[in-house]
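Read the structure below first, then the notes.
The values are calculated or read from the model by the stated rules, or taken from the named source; none is laboratory data. Please read these numbers as outputs of a predicted model, since none were measured by experiment. Counting neighbours? That spans all protein chains shown, and the Cβs are built from the backbone with ideal geometry, glycine included. For the accessible areas, the whole protein counts, side chains as well, though only heavy atoms, and no ligand, DNA or RNA atoms are used. Shrake-Rupley method; radii C 1.70, N 1.55, O 1.52, S 1.80 Å.
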Amino acid sequence: GVHQVYPLQHFEEVDQMQIPTLQTLEELKNYSFHDLPIGRGVASSVISLERDYNLFAERRRTDLVKWQIRMAANVVLNMEKLFDTIKPDKVLLFNGRHSEGFAVVSLCKARQISFETHERGSSYEKYEIYENTLPQNLDYRQEKMFEMWDENDEQKLAVATGWFEKKRKGTNTDDRNYLTKMKHGQLPKGFDPNKRNIVLFNSSEDEMKTIMQWETPLY
């Protein structure tokens, strides 16, 4: 088929945007542009960058939020123009939870255009496709999980067990190795064994705080 590259343009409109003074994460998640909830994607991206969901604690973070809002709005303006021009049957994009991706997903939903998001798979040679939803959709993931489990043979238990064992040893091939900086048998400097020490192994807050199905007061 013919491949056509459409370079995105910068719309001066986004420079003139009057962004209201946002003070809380909830206000950001509820922020919309052209009736599209771009604020939720912005929140997800900025939390990923800062590794902290207290996004308005510093002027630097507030400026970053505004910059990401303008960027997402510019993506919306580009995609609106592009969709009017080429009228796509389907849109494919990576992940979909970040500032620019969530803007595209929101526009696809508003215009009832089919879309697929892709995400890394079980190894570096594989990837996953999610039809008309995000990879973080728990209902969709559960449905696919049971579907794939029922389709596979008796090797599935060994494969599934091996995944957890490799993860614990740090020999997994599907994600980063989280054990590279750890020294076996050593505790952090200043660790006081005379105190009652409690550690929380929580998930990434960029997803926990911005994906609706993942929102929880647990942390």
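Spin-label model, Lys66 to Asn54: label points 7 Å out along the Cα-to-beta-carbon direction sit 2.2 nm apart. Stretching His10 away from Leu92 to a fully extended chain increases their span by 27.3 nm, per 0.36 nm per residue minus the current alpha-carbon distance. Ignoring ligands, DNA and RNA, what percent of the 1.4 Å accessible area of the chain is carbon and sulfur? Taking all protein chains in place, the chain shows 52 percent carbon and sulfur surface. The charge dipole of the chain, taken about the Cα centre with unit charges on the Cβ atoms of Lys, Arg (+1) and Asp, Glu (-1), comes to about 1060 debye, rounded to the nearest 20.
A straight line joining the Cα centroids of segment 27-78 and segment 1-26 runs 11 Å. When the C-alpha to C-alpha distance is required to be over 24 Å, the pairs from Lys81/Lys126; Lys109/Lys209; Lys126/Lys209; Lys166/Lys209; Lys109/Lys156 that qualify are Lys81/Lys126; Lys126/Lys209; Lys166/Lys209; Lys109/Lys156.
Surface analysis of segment 93-219 yields an accessible area of 79 Å² per residue, using protein heavy atoms and a 1.4 Å probe.
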